[in-house]
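Novice: I'd like to ask some things about the structure below.
The values are calculated or read from the model by the stated rules, or taken from the named source; none is laboratory data. In this text the structure is predicted, and so the values were computed from the model without any measurement. Here the Cβ positions follow ideal geometry from the backbone for every residue, glycine too, while neighbour counts run over all protein chains shown. Just the protein is used for accessible areas: all its heavy atoms, side chains included, with ligands, DNA and RNA removed. Shrake-Rupley method; radii C 1.70, N 1.55, O 1.52, S 1.80 Å.
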Amino acid sequence: MKMYQLPELKYKSSEILRWLWIAWKGNRLQASFNAAIGLAGVAVSLMQVWAVKHAIDVASGFVAGNIYWSVGLMGILILCDFALNICGIWVRNLLGIKAQNRMQQQMLDRILRSEWQGKEARHSGDVLNRLEFDVNNVVNFLTETLPNSLSTLCMFLGAFCYLASMDWRLTLIITFMVPLFIGVSKIYVRQMRKLSREVRNSDSKVQSVLQETIQHRMLIKTMESDDVMVGRLEDTQSELRSNVVRRTKFSVMSNLILNFGFASGYLIAFLWAAVRMSAGTLTFGGMTAFLQLVNRIQGPARSLMKLVPSFVSVFTAAERLMELEENPLEEQGDAICLASPCGVRFENVSYTYAGNTGTTLENLSFDFYPGSCTAILGETGAGKTTLIRMILSLIQPQQGQVYIYNATKQYHLSPLLRTNLVYVPQGNTLMSGTIRENLRLGKLDATEEEMREALRQSCAEFVFDLPEGLDTVCSEQGGGLSEGQAQRIAIARALLRDRSIMLFDEATSALDTETERQLLHNLMAEQQKTIIFITHRPAVVDYCDQTLTIKKLGKHRRPQAQNADNDNVKS
């Protein structure tokens, strides 16, 4: 059957184990506590076996002793077991959430510091699914499942040795069964990894559809596409259900075989003990202890076998998180801040996106000189956004050089020089929270007066007239504000960042003419700034002292921009 064919895996087991080892280093405290509690539980459990055997033998007169003291010892051990369970709950709840939060922060930090890829390889819903469910899976395994498996193994070995001291023949039979379980489990693990991966990927697709539908529900309502989106959700859910059914079939069949083996083993052990007791070579208390030990062996053995799905699940989760780390990191180090004013110069720059048949930028040379105001013009797809991405060091030129410079220094543009720039993207870029919180993304320690001045410069004085003022709460994507209001707050946030070079991508598209002119007048009052606009608005061009016009020529060839004697640079 196709289901039982061993799959090819993306990462080797050794690579995943190495990744899990590194992840475990940050969770040693909780893992150590859980391991200590588990080992103490093993000791208490084996002592309970002896205490029950001793009490029965005392009651039956086989050994001398006080029955009240024997039962009292059993009660003390039960209380110890309760106390250990309570300790385990406290450790799991107090330290577990901290461990999960810490790993999510580390993964998010890694994603934010990685190189920008342009077209994202994974849907944001898929990434969120991994950061939530896969991180939780890995943390639970490292801090709970793995330490508990240590105590389970100790329980198995302790009960095994205890049973061996009572009857070495049965112990020998059990020993011969271990290699068989190991061989079967290896096949089981590989197949379950494949099936679990398919289930987790399908679950990510479901979350992606849900997220996009909720995020764009206004568009869906106006397009009357409710049934389409619900149908799309049903298709992805159907795929998820199908994969869950396949995994469940495999798991049920595997567990059926396993449980049949355990049941057969228990019946054999019971028959063996009954024969010995009838022959007078085993006391009633001894038989009770004998059967308890068999349970103490089979119970941990079952738990250890259940660890196989846990290992499969964590290997799948680790693989999915490792994929999030595949993008290389940006250049790391201390930010390099240049004194104002600064400029950006392109020298024979070319760039083509992967998979494109034509060149996006070809042999572009242009100087955004210090203190200048430049309008970048051009039709859609000509390369304006690519130009901005290079200035922001999100992408690097494939040919040529891009420099940032002032009167005394010059550097190749890199992420370490991004601190000299501020960017206002196209569209609504506000985040959920108060206006004050949105502004402080530009400057964390901004004072009330600084925020008021930035709002004034960006023509956003309307904030002062709101009932809650700066503490007005915006929903997701600035919900509750108009597009023009959201744009002006985004510009105020950029002004608070106060950097030498300011980039505006259609940042005034939602403003009326009079507000736009007043905003531009306020921006131009600061002569130390180098300002770059991507725009189609004539009012913006009128305020600029130079323009860069990029034209897309032909289907397979894009333009070449060159410096010219006048201020209008065309390609």
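Novice: Pairs only if they're at least six apart or on different chains, beta carbon under 8 angstrom, first in region 380-395 and surrounded by fewer than 22 Cβ atoms within 10 Å (Cβ to Cβ), second hydroxyl-bearing (Ser, Thr, Tyr) and assigned to a loop (DSSP other than H, G, I, E, B); list them, first residue then second.
Specialist: Correct list of pairs: Ser393/Ser414.
Novice: Closer than 22 Å to Thr385 by Cα, in contact (Cβ under 8 Å) with a residue 60 or more places away in the chain and open to solvent by 20 Å² or more (accessible area, probe 1.4 Å): is that true of Arg499 in this structure?
Specialist: Answer is yes for this residue.
Novice: Shifting gears a bit: Within region 320-353, work out how many residues are open to solvent by 30 Å² or more (accessible area, probe 1.4 Å), at pLDDT 90 or above, not basic (Lys, Arg) and not in a loop (DSSP other than H, G, I, E, B).
Specialist: Going through region 320-353 one residue at a time, the tally reaches 2.
Novice: Looking at (1) assigned to a loop (DSSP other than H, G, I, E, B); (2) surrounded by fewer than 21 Cβ atoms within 10 Å (Cβ to Cβ), can you tell me which one Glu450 breaks?
Specialist: (1)
Novice: I'm checking my understanding of the structure. Among residues of region 37-73 that are over 23 Å from Asn85 (Cβ atoms) and among the aliphatic types (A, V, I, L, M), which one is most open to solvent (accessible area, probe 1.4 Å)?
Specialist: My answer is Ala64.
Novice: State which residue pairs qualify: first residue of a type in the set (Asp, Glu) and inside region 528-546, second residue open to solvent by less than 10 Å² (accessible area, probe 1.4 Å) in any location, beta carbons under 7 Å apart, and separation of 6 or more residues or different chains.
Specialist: Correct list of pairs: Asp545/Ser372; Asp545/Cys373.
Novice: Would you mention how many residues in region 99-117 are touching a helix residue (DSSP H, G or I) at 6+ places or on another chain (Cβ under 8 Å) and either open to solvent by less than 80 Å² (accessible area, probe 1.4 Å) or at pLDDT below 85 (or both)?
Specialist: Residues flagged as touching a helix residue (DSSP H, G or I) at 6+ places or on another chain (Cβ under 8 Å) and either open to solvent by less than 80 Å² (accessible area, probe 1.4 Å) or at pLDDT below 85 (or both) within region 99-117 amount to 8.
Novice: Tell me, yes or no, whether region 506-527 has at least one residue that is more than 30 Å from His216 (Cβ to Cβ), in contact with a strand residue (DSSP E or B) (Cβ under 7 Å, 6 or more places away or on another chain) and modelled with pLDDT under 90.
Specialist: Yes: region 506-527 contains one or more residues that are more than 30 Å from His216 (Cβ to Cβ), in contact with a strand residue (DSSP E or B) (Cβ under 7 Å, 6 or more places away or on another chain) and modelled with pLDDT under 90.
Novice: For region 109-119, check the following and say yes or no: at least one residue is in a helix (DSSP H, G or I) and under 29 Å from Asn34 (Cα atoms).
Specialist: yes
Novice: Could you please give the count of residues in region 397-440 that are in a loop (DSSP other than H, G, I, E, B), among the polar types (S, T, N, Q) and in contact with a strand residue (DSSP E or B) (Cβ under 8 Å, 6 or more places away or on another chain)?
Specialist: Number of matching residues: 4.
Novice: If only one of Met229, Met223 is modelled with pLDDT of 80 or more and more than 28 Å from Tyr11 (Cα to Cα), which one is it?
Specialist: Met229
Novice: Assess whether Leu79 counts as being assigned to a helix (DSSP H, G or I) and surrounded by 16 or more Cβ atoms within 10 Å (Cβ to Cβ).
Specialist: no
Novice: Further question on the same structure: Would you mind stating whether Leu84 is assigned to a helix (DSSP H, G or I), modelled with pLDDT of 85 or more and under 30 Å from Val138 (Cβ atoms)?
Specialist: For Leu84, the condition - assigned to a helix (DSSP H, G or I), modelled with pLDDT of 85 or more and under 30 Å from Val138 (Cβ atoms) - is met.
Novice: Might you let me know whether region 282-303 holds any residue that is over 24 Å from Asn140 (Cα atoms), open to solvent by less than 40 Å² (accessible area, probe 1.4 Å), modelled with pLDDT under 85 and outside any helix (DSSP H, G or I)?
Specialist: Yes, region 282-303 has at least one match.
Novice: Name the residue, out of Gly72, Gly38, Gly125, that is closer than 30 Å to Glu212 by Cβ, small (Gly, Ala, Ser) and part of a helix (DSSP H, G or I).
Specialist: Going through Gly72, Gly38, Gly125 in turn, the sole match is Gly125.
Novice: While we're here: Quick check on Leu455: is it part of a loop (DSSP other than H, G, I, E, B) and either modelled with pLDDT under 90 or under 23 Å from Leu523 (Cβ atoms) (or both)?
Specialist: Spelling it out, it is not the case that Leu455 is part of a loop (DSSP other than H, G, I, E, B) and either modelled with pLDDT under 90 or under 23 Å from Leu523 (Cβ atoms) (or both).
Novice: Output yes when any residue across region 58-65 is out of contact with any Pro (no Cβ under 6 Å at 6 or more places or on another chain) and at positive phi, and no when none is.
Specialist: Yes: one or more hits.
Novice: Out of Cys474, Cys544, I need the residue that is within 14 Å of Ile435 (Cβ to Cβ) and open to solvent by less than 50 Å² (accessible area, probe 1.4 Å). Which one?
Specialist: Criteria check complete, one pass: Cys474.
Novice: Of the residues Gln207, Gln191, which single one is under 30 Å from Asp235 (Cβ atoms), out of contact with any helix residue (DSSP H, G or I) (no Cβ under 6 Å at 6 or more places or on another chain) and either open to solvent by less than 60 Å² (accessible area, probe 1.4 Å) or modelled with pLDDT under 70 (or both)?
Specialist: Within the list Gln207, Gln191, the selection yields Gln191.
Novice: Which residues, taken from region 17-35, are crowded, with 16+ Cβ neighbours inside 10 Å, of a type in the set (A, V, I, L, M) and over 19 Å from the mean Cα position of the chain (by Cα)?
Specialist: The answer is Ala31, Ala35.
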